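Read-outs throughout are calculated quantities, based only on the coordinates presented, and are distinct from any laboratory measurement. In this text, all values refer to a predicted model and were calculated from it rather than measured experimentally. Backbone-built Cβ (ideal geometry, glycine too); neighbour counts: all protein chains shown.
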Amino acid sequence: MKSKKLGNLSVGDKIGDKIKNLRSLKEYSSEEIVTDAEEIAEELKSKNVKTSQIRRIHSHIVKIYTEYTKRRSEMKGASPEKVIPKDELQFLKPLLAYIAARINGVETLKKVLSAAIDKVQDKEDFELFKKLYDSILAYHRFYTGER
């Protein structure tokens, strides 16, 4: 499986490594998130990945986010580790691996999102994680022109 190379690194490796080197997603500026999301979306389009093929990931993230917002309102004042659904986020990794194994070209998304999952420590990180994925999905839809 060939991937778009930047120097010696693929888009997924480059952005995944950038995220791995952060202490938390709060160090990932909004400008970088948007730029990287666009680059990932272009890579997915170049691999002919359809929006419907990556929507399954989106539905899982939305489910986790919905549970998180429900917990947050019920547990006001609770410590972040009790509110943030870290276990559920970790279980996204096997789903990403499964989808990447089935759909050629999704490895980039797997590398980036797996690195980002590991950086979620609190509500701000979790919300930035969701914004990263939402941005990737939005740009992907834009570049593919799918309705």
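How many angstrom lie between the Cα centre of region 26-57 and the Cα centre of region 89-147?
Result: 7 Å between the Cα centres.
Based on DSSP H assignment, which helices of the chain show an axial Cα extent of at least 20 Å together with a mean Kyte-Doolittle hydropathy greater than or equal to -1.0?
Helices passing the filter in the chain: 30-46, 123-144.
How high is the relative contact order of the chain? Use alpha-carbon pairs under 8 Å, at least six apart in sequence, and give a whole percent.
Here the relative contact order equals 44 percent.
I'd like to know how the chain sits against the 2.2 N^0.38 Å rule of thumb: what's its Cα Rg over that expected value?
1.03
If you rank Ile64, Ile136 by fewest surrounding Cβ atoms within 10 Å, what's the result?
Ile64, Ile136
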